[in-house]
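The values are calculated or read from the model by the stated rules, or taken from the named source; none is laboratory data. Since this is a predicted model, take the numbers as computed values, not measurements. Cβ coordinates were reconstructed from backbone atoms using ideal geometry, including for glycine residues, and neighbour counts include every protein chain displayed.
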Amino acid sequence: MKAKQVIFIQGGGDNGYDADSALVLSLKKNLGNEYQVDYPAIQSDETSSDFGWTKQIGEIINKINQDTILVGHSFGASMILKYFSENSISKSIKAIFLLATPFWSGNDDWQKGLKLKEDFAYKLSNKIPIFLYHCQDDEEVPFSHFNEYKKRLAKATFRQINIGGHQFSNDLAFLATEIKFYEACTMNR
């Protein structure tokens with residue numbers, strides 16, 4: 001039987017890919033051999049208003065050839081939302097799981113290309129469930145960002161985690177459980 005596909009999109013920063021590799025290892029371990037977790041590297045392009053992330057996410061999605069679950073952390077999570085709210089999706093995405101997602105709201109030039117459009121929530125497909133997770137003690141993306149998404153994304157599912165910081169203590173066992181539970185529930189429909 002073919003493994004179920006999960007694609008993990010890293011957080012930003014100079015060492016985002018390396019920092020998030022521990023999250024990916026934890027997710028792989030806890031999902032087991034039934035799942036294949038792909039971890040493509042996203043490279044920032046300083047000349048692009050969103051640092052080139054939505055274009056690269058689009059290229060990754062366009063290569064999908066089976067039902068897929070997307071997981072994004074931090075900057076990567078926010079760029080997944082941006083991509084999905086600004087583009088038509090023809091690939092089969094089962095669900096999107098977002099971790100420590102920043103809500104960009106500043107007016108500095110570097111932030112303008114990162115912001116979601118005011119009507120972004122209405123542009124997201126009703127066919128793709130979205131789950132957001134945030135630790136209350138996140139030291140990089142304030143918990144208030146999670147609450148901002150709660151106000152705007154009525155159709156999403158929200159889970160607050162008490163402790164774990166920005167990197168969820170590098171333990172995504174809870175997320176693996178949620179993914180497996182989601183899959184079990186959708187198979188019975």
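Looking at the structure I just gave you, is Ser92 of a type outside the set (A, V, I, L, M) and modelled with pLDDT of 95 or more?
Judged against the criteria, Ser92 is not a match.
Could you pull out every one of the strands (runs of 3 or more DSSP E) wholly within the range 1-83 that has 3 or more residues that are among the aliphatic types (A, V, I, L, M) and touching a residue at least 12 places away in the same chain (Cβ under 8 Å)?
Working: elements: 4-9, 35-38, 68-73.
Answer list for the range 1-83: 4-9, 68-73.
Conditions tested, residue by residue: (1) under 16 Å from the mean Cα position of the chain (by Cα); (2) among the β-branched types (Val, Ile, Thr).
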residue: Ser44; (1), (2): no, no
residue: Gln56; (1), (2): yes, no
residue: Asn65; (1), (2): no, no
residue: Ser74; (1), (2): yes, no
residue: Ile80; (1), (2): yes, yes
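Considering every residue within the range 178-186, establish whether at least one is in contact (Cβ under 8 Å) with a residue 24 or more places away in the chain, in contact with a Leu (Cβ under 7 Å, 6 or more places away or on another chain) and not in a helix (DSSP H, G or I).
No: the range 178-186 contains no residue that is in contact (Cβ under 8 Å) with a residue 24 or more places away in the chain, in contact with a Leu (Cβ under 7 Å, 6 or more places away or on another chain) and not in a helix (DSSP H, G or I).
So is Asn107 at pLDDT 95 or above and out of contact with any Pro (no Cβ under 9 Å at 6 or more places or on another chain) or not?
So Asn107 does not fit the description; no.
For Phe84, work out the one condition from (1) under 9 Å from the mean Cα position of the chain (by Cα); (2) of a type outside the set (Lys, Arg); (3) closer than 12 Å to Ile57 by Cβ it doesn't fulfil.
Evaluating Phe84 over (1) under 9 Å from the mean Cα position of the chain (by Cα); (2) of a type outside the set (Lys, Arg); (3) closer than 12 Å to Ile57 by Cβ leaves (1) as the failure.
Here are Asp14, Asp20: which of them is over 24 Å from Asn126 (Cβ atoms) and at pLDDT 95 or above?
Asp20
What about Trp53, is it surrounded by 13 or more Cβ atoms within 10 Å (Cβ to Cβ) and touching a strand residue (DSSP E or B) at 6+ places or on another chain (Cβ under 9 Å)?
Against the criterion (surrounded by 13 or more Cβ atoms within 10 Å (Cβ to Cβ) and touching a strand residue (DSSP E or B) at 6+ places or on another chain (Cβ under 9 Å)), Trp53 qualifies.
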